[in-house]
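All remarks here apply to the structure that follows.
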Amino acid sequence: MSPALFASRQGPSCGPMLSDSPRSSVAAPFLPARPAIAGRIAHRGVGCPLMQRQGQRLAVATVEPSTASPEEAQRLKDLAMETGYLKIGREFPKGVTLSDIVKTLPEEVMKLDHGKAWRAVALTSAAVAGSMGLIAIAPWYLLPFAWFLAGTAATGMFVIGHDCGHRSFHENKVVEDVVGTVMMMPLIYPFEPWRIKHNAHHAHTNKLEEDTAWHPIRPGQFEAAPKTFQWALRLFLGSPLKCFTSIAHWAMWHFDINLYTEKQRPRVLISWAAVAAFVAFGFPAIIANLGLGGFVKFWLVPWLGYHFWMSTFTVVHHTAPHIPFKDAKDWNAAESQLAGSVHCNYPGWVDTLTHDIAWHVPHHVCAKIPWYNLRAATESLRENWGEYMTECNFNWKMMKTIFTELHIYDKEKNYIPMDHAKPEKFFTAQRKILPDSV
């Protein structure tokens, strides 16, 4: 569908508005929203652009369709093959707003289905219980498989809490708060602090200095860091250990009361009390019955498996050789949410246990879409905006690119490796050892 064809179409209502203006970015949830923004980032979380009020027509900029030149098409194809992607999105057109994109989505993808939501809770509960049973009976050589399964099932708990935080799980907000808190408690993830900070990520996706989810290192920051810290950055951001760095994000962003306003703090404290209760009662119970080794076996290793997926999903969704991070003055919501997020295909069993969290592009276009409608929403976006989307299969070549090349964000060159000035043995060895196979 040409963008010119939907200029008068009324789209689905998705919740509070994200600004489409490059210079008028939406305030983070812990800051007062600007008066010019139609719709505020309210307590119910960041949603999507408001379409139009009943009986009124919203003017939409008409964007003429264009076709990439053969040279540009070949360049994008070569880049995709070189870095492990199926398809690299072409340059995003000027004049397209997030509202334009949302209006092409079918109304049905916004509808909540309580039956599907509760079935997800049942599936995840069964998967977690089953994986614990598998850990209990597995011989030592099958434990890695059982742990990986348990970590993936635990990720499903987070995804349910994630939908609750976006108010796309249930029509009753109290139900969402309770379910979100309970699902995230065993992960020691406080629901309300996470919800607030995650909303900031949606409001500022791929915006330099303001995106709270996956922020790139800048050249000056790396060079000014002490040598020991530079080596820590090399180790954790320039190797496969990058797939566990969400642990640092979890610790830094969710347990500091000074990061929250006076109004937010009572709910933050309730979430802290919930995870503290799990630590105070759950951990001793596990250790008393299973010993310290049982604690490691049944909780710690699956928890690390959860963080593997938490880190991997996030870095793959928001890191690619051609996807820019921009200053607030140049930032555009439509470009960042559609073209700045990567669709990655994972094995079906991973999608099942993690409730399609990898079908991530429509979630950034409209966070109100429940997980079970993300596939239909993705197909709609492919039909209408597919030429601007980046897609990949989860593969070693792509991950090798992320581990060994996409380190420091330079405004002129996009990503450059930490050893761009002079090759370093640490990275040279990884480039030789890590597989290139797709």
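The values are calculated or read from the model by the stated rules, or taken from the named source; none is laboratory data. Keep in mind the model is a prediction, meaning the values are calculated, not measured. Glycine also receives a Cβ, built like all others from the backbone with ideal geometry; neighbour counts cover every protein chain displayed.
Of a type in the set (Val, Ile, Thr), in contact with a Cys (Cβ under 9 Å, 6 or more places away or on another chain) and without any contact (Cβ under 8 Å) to a residue 12 or more places away in the chain: which single residue out of Val178, Val109, Val174 fits that description?
Val178
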Might you let me know whether region 241-251 holds any residue that is under 20 Å from Val315 (Cβ atoms), among the hydroxyl-bearing types (Ser, Thr, Tyr) and not in a helix (DSSP H, G or I)?
-> yes
Quick one: in region 400-416, which of the residues that are in contact with a strand residue (DSSP E or B) (Cβ under 6 Å, 6 or more places away or on another chain) and among the aliphatic types (A, V, I, L, M) is surrounded by the fewest Cβ atoms within 10 Å (Cβ to Cβ)?
-> Ile416
Does region 270-285 contain at least one residue that is among the polar types (S, T, N, Q) and either surrounded by 19 or more Cβ atoms within 10 Å (Cβ to Cβ) or at positive phi (or both)?
-> yes
Test Val301 against the stated conditions and say whether it is touching a Gly at 6+ places or on another chain (Cβ under 8 Å), in contact (Cβ under 8 Å) with a residue 24 or more places away in the chain and part of a helix (DSSP H, G or I).
-> yes
Evaluate region 243-261: report whether one residue or more is surrounded by fewer than 15 Cβ atoms within 10 Å (Cβ to Cβ), acidic (Asp, Glu) and closer than 30 Å to Thr401 by Cβ.
-> no
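Looking only at region 353-399, filter to residues that are of a type in the set (Gly, Ala, Ser) and touching a residue at least 40 places away in the same chain (Cβ under 8 Å); which one of those is surrounded by the most Cβ atoms within 10 Å (Cβ to Cβ)?
Result: Ala367.
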Give the residues of region 177-231 that are of a type in the set (D, E, K, R) and on the phi > 0 side of the Ramachandran plot, sorted by residue number.
-> Glu209
Would you be able to tell me the number of residues in region 270-290 that are free of Cβ contacts under 8 Å to residues at least 12 places away in the same chain and under 17 Å from Glu192 (Cβ atoms)?
-> 2
Among the helices (runs of 4 or more DSSP H) contained in region 66-179, which hold 3 or more residues that are in contact with a helix residue (DSSP H, G or I) (Cβ under 8 Å, 6 or more places away or on another chain)?
-> 98-102, 114-137, 143-165
From the set of residues in region 311-352 that are modelled with pLDDT of 95 or more and either assigned to a loop (DSSP other than H, G, I, E, B) or among the basic types (Lys, Arg) (or both), which is surrounded by the fewest Cβ atoms within 10 Å (Cβ to Cβ)?
-> Pro347
With respect to Asn199, is the statement that it is surrounded by 17 or more Cβ atoms within 10 Å (Cβ to Cβ), touching a Phe, Trp or Tyr at 6+ places or on another chain (Cβ under 8 Å), under 30 Å from Asn332 (Cα atoms) and touching a residue at least 40 places away in the same chain (Cβ under 8 Å) true?
-> no
Would region 213-227 turn up any residue that is touching a helix residue (DSSP H, G or I) at 6+ places or on another chain (Cβ under 9 Å), of a type outside the set (S, T, N, Q) and in a helix (DSSP H, G or I)?
-> yes
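Residue-by-condition table, conditions (1) touching a Gly at 6+ places or on another chain (Cβ under 8 Å); (2) without any contact (Cβ under 8 Å) to a residue 40 or more places away in the chain; (3) under 23 Å from Leu187 (Cα atoms):
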residue	(1), (2), (3)
Gln221	no, yes, no
Pro226	no, yes, no
Arg234	no, no, no
Ile257	no, yes, yes
Glu262	no, yes, no
Pick from region 199-253, criterion under 21 Å from Gly340 (Cβ atoms) and of a type in the set (A, V, I, L, M), ranking: modelled with the highest pLDDT = Leu237
Is it fair to say Gly305 is on the phi > 0 side of the Ramachandran plot, of a type outside the set (D, E, K, R) and at pLDDT 95 or above?
-> no
Assess whether Trp359 counts as being at pLDDT 95 or above, in a helix (DSSP H, G or I) and touching a helix residue (DSSP H, G or I) at 6+ places or on another chain (Cβ under 8 Å).
-> no
